[in-house]
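A.B. asks: Take a look at this one; I'll ask things after.
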Amino acid sequence: MAAVAAPTEAAALPVLHLEGGFAVVNKPARLMVHDSKLARGEDDFAADRLRAQFGRPIHLVHRLDRATSGCLLLAFDRETASTLGKSLMAGEVDKAYLAICRGWPAEAAFTVDHPLDGGPGKPQKKPAVTRFERLATAELPIPSAGFETSRYALLRAWPQTGRFRQIRRHLKHLSHHLVGDTSHGDGRHNRSFRMLGIHRMLLHAEQLAFPHPQDPARRVHVTAPPDAEFARALAFFAPKQDA
């Protein structure tokens with residue numbers, strides 16, 4: 001079998017946490033996690049990069065959408081993958097996301113309990129629950145729908161279930177569409193952010209916490225810093241300095 005070429009520095013994914021049996025990496029936006037029916041001719045996948053990067057087999061414990069960045073958990077052996085997978089299924093894995101949406105949700109903290117189907121070819125709806133917290137708001141000088149300005153909110157989201165594109169679809173259900181989401185978002189606001197130089201979907205898997213697979217009494221906590229493009233969007237929510 002041909003040797004796997006070592007990944008270039010540009011191709012390597014930032015490692016946030018590394019132990020003998022597992023790791024957490026910071027997946028960039030626009031990179032698919034693995035090959036699937038949604039790949040549509042893509043040949044660059046996080047799973048392939050990670051096998052080359054670590055020089056060993058990897059097992060993905062969960063998934064992130066192509067357009068979503070942030071914490072991605074993987075294991076290096078089947079036993080560890082099984083243990084982490086059971087923790088995930090038991091609801092013992094906490095995942096927190098940063099999201100920027102159009103409009104200002106009325107409540108500082110709220111929960112969306114709205115069933116969702118499983119995506120293309122999976123029409124059966126299943127329970128889906130997401131907790132949200134409004135962290136900050138911003139009003140930008142962008143005309144929209146007859147107004148001279150546009151309002152946006154920075155949210156933290158905790159999905160309590162793992163349905164297909166859950167956070168994105170729950171925000172659409174509220175009419176607080178995720179900015180940059182070309183499938184479930186609002187095209188006018190997406191275009192406005194592209195004019196500001198922000199071309200990615202503004203959803204980032206910021207935090208991951210889970211029981212250590214060898215010592216369940218101890219929890220592993222990992223935080224992924226946002227990329228430069230997401231950071232430019234976050235700057236809109238920074239407190240204004242007095243002149």
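A.B. asks: Of all the residues that make up the range 195-223, how many are touching a Leu at 6+ places or on another chain (Cβ under 6 Å) and either outside any strand (DSSP E or B) or open to solvent by 90 Å² or more (accessible area, probe 1.4 Å) (or both)?
C.D. replies: Final tally of qualifying residues: 1.
A.B. asks: Run K172 past the list (1) over 18 Å from F236 (Cβ atoms); (2) open to solvent by 20 Å² or more (accessible area, probe 1.4 Å); (3) not in a helix (DSSP H, G or I) and report the number of the one that doesn't hold.
C.D. replies: Status for K172: all satisfied but (3).
A.B. asks: Still on this structure, I have one more. Report whether or not H177 is touching an Asp or Glu at 6+ places or on another chain (Cβ under 7 Å) and open to solvent by 20 Å² or more (accessible area, probe 1.4 Å).
C.D. replies: Yes, satisfied.
A.B. asks: Also, I was wondering about something else. Kindly check whether there is at least one residue in the range 34-57 that is at pLDDT 95 or above, of a type in the set (A, V, I, L, M) and part of a loop (DSSP other than H, G, I, E, B).
C.D. replies: The answer is no, given that none of the residues of the range 34-57 is at pLDDT 95 or above, of a type in the set (A, V, I, L, M) and part of a loop (DSSP other than H, G, I, E, B).
A.B. asks: Residue under question is I58, and the condition is that it be touching a helix residue (DSSP H, G or I) at 6+ places or on another chain (Cβ under 8 Å), farther than 23 Å from G20 by Cα, open to solvent by less than 20 Å² (accessible area, probe 1.4 Å) and not small (G, A, S); does it hold?
C.D. replies: It is false that I58 is touching a helix residue (DSSP H, G or I) at 6+ places or on another chain (Cβ under 8 Å), farther than 23 Å from G20 by Cα, open to solvent by less than 20 Å² (accessible area, probe 1.4 Å) and not small (G, A, S).
A.B. asks: Hey, which of the strands (runs of 3 or more DSSP E) in the range 75-162, taking only ones fully inside, have at least 1 residues that are closer than 16 Å to L202 by Cβ and open to solvent by 20 Å² or more (accessible area, probe 1.4 Å)?
C.D. replies: 94-102, 129-140, 150-159
A.B. asks: Of the residues D215, D186, only one is among the acidic types (D, E), farther than 25 Å from F147 by Cα and over 17 Å from the mean Cα position of the chain (by Cα); which?
C.D. replies: Among D215, D186, only D215 is among the acidic types (D, E), farther than 25 Å from F147 by Cα and over 17 Å from the mean Cα position of the chain (by Cα).
A.B. asks: Kindly check whether there is at least one residue in the range 22-34 that is open to solvent by 20 Å² or more (accessible area, probe 1.4 Å), over 20 Å from D227 (Cα atoms) and not aromatic (F, W, Y).
C.D. replies: Within the range 22-34, one or more residues are open to solvent by 20 Å² or more (accessible area, probe 1.4 Å), over 20 Å from D227 (Cα atoms) and not aromatic (F, W, Y).
The values are calculated or read from the model by the stated rules, or taken from the named source; none is laboratory data. Since we're looking at a predicted model, the values are computed, not measured. Heads up, the Cβs are rebuilt from the backbone with ideal geometry, glycines too, and the neighbour counts pull from every protein chain shown. All accessible areas refer to the heavy atoms of the entire protein, side chains included, with ligands and DNA or RNA removed. Shrake-Rupley method; radii C 1.70, N 1.55, O 1.52, S 1.80 Å.
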